[in-house]
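Each remark here refers to the structure printed beneath this line.
Derivation of every value follows stated rules applied to the coordinates shown; laboratory data play no part. Everything numeric in this text was worked out from a predicted model, so none of it was measured. Cβ: placed from backbone, ideal geometry, glycine included. Neighbour counts: every protein chain shown.
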Amino acid sequence: MNLYEARPPLVADERTQLIGWLDLQRRLVRRKLEGLRVEDEHRAVFPDSPLMTPAGLVAHMRWVEHLWFEVVFLKAPEETNPMYRKDVESAEMRVDGVPLARLLDEFDAQWARSNEIVAAHSLDDVTADPEYGPSLRWIVLHMLEETARHVGHLDTMRELLDGQKGYY
């Protein structure tokens, strides 16, 4: 991934910058997992976090995007997202047996859907939730923070799993 081609333009409007930086972090998810051995896709490397695997984290990121853009912002039913399950803790991360390639494709499809939602609304639009009403701008910024943080987790996981490391 070429550093200058991956980043958004140096001069652009707010929406282009925000989505450009968010898309870069999203692409880095796939980049951090290129060449990962199949036997490492579901391997936990943090002793106190057995669900924090490369596959589990990709599934989590997919469902976090769904939560913020579809459930919180568009008011899709909560039951469409496993993060709202009360009977299973961290249900969105329980993906044993699901190939990482499939989870990455689902993540890609979700962020494409998220970008469609952003493109169709003003960044100043606010969700209809009367108690918790973030603007779309707030959601995009939060997703940028959340995705970048998890890219860092993937970077650390990858180094612990097979020694691969790098800025990109």
Practice task
Distance between Cα centroids, region 73-141 to region 28-65: provide it in whole Å.
Solution key: 18
Exercise for the section: Within region 72-109, find all residues whose amide N lies under 19 Å from a label point positioned 7 Å from the Cα of R15 along Cα-to-beta-carbon. Expected result: 73-74
Exercise for the section: Pick out the long, greasy-scoring helices in the chain: whole DSSP H runs spanning 24 Å or more along their own axis by Cα, mean Kyte-Doolittle at least -0.5. Expected result: 100-119, 136-162
Handout entry: Distance between modelled label sites at R7 and E34, nm, 7 Å Cα→Cβ extension
Key = 1.9
Practice task
Please compute the net charge surrounding H121, taking Lys and Arg as +1 and Asp and Glu as -1 over other residues with Cβ under 11 Å from its Cβ.
Solution key: -1
Fill in the blank from the handout: So, relative contact order of the chain in percent, Cα under 8 Å, 6 or more apart, is 30
Problem - Sorted by Cβ density within 10 Å, fewest first, the residues D108, D23, D48 - result: D48, D108, D23
Practice task
Could you give the size of the charge dipole of the chain about its Cα centre, using +1 on the Cβ of each K and R and -1 on the Cβ of each D and E, expressed in debye and rounded to the nearest 20?
Solution key: 420
Practice task
Work out the charge dipole of region 12-162 with +1 on the Cβ of Lys and Arg and -1 on the Cβ of Asp and Glu about the Cα centre, then indicate which of G35, L51, L74 is farthest towards its positive end.
Solution key: G35
Handout entry: Residue list for region 77-93, given a label point 7 angstrom along the Cα-to-Cβ vector of S49 and an amide N cut-off under 16 Å
Key = 90-93
Fill in the blank from the handout: Out of L104, L51, L18, a Gaussian network model of the chain with alpha-carbon springs under 10 Å gives the largest mean-square fluctuation to L18
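What ranking do F73, F107 get, fewest neighbouring Cβ atoms within 10 angstrom at the top?
Ordered by Cβ neighbours within 10 Å, fewest first: F107, F73.
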Fill in the blank from the handout: Taking Lys and Arg as +1 and Asp and Glu as -1, residues besides H150 with C-beta under 14 Å from its C-beta add up to +3
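How high is the FRET efficiency from A101 to L123, r the C-beta distance, R0 45 Å, rounded to 0.05?
0.85
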Exercise for the section: Compute the length gained on full extension between Y132 and E78: take 0.36 nm times their separation in residues and subtract their Cα-Cα distance, giving the result in nm to one decimal. Expected result: 18.0 nm
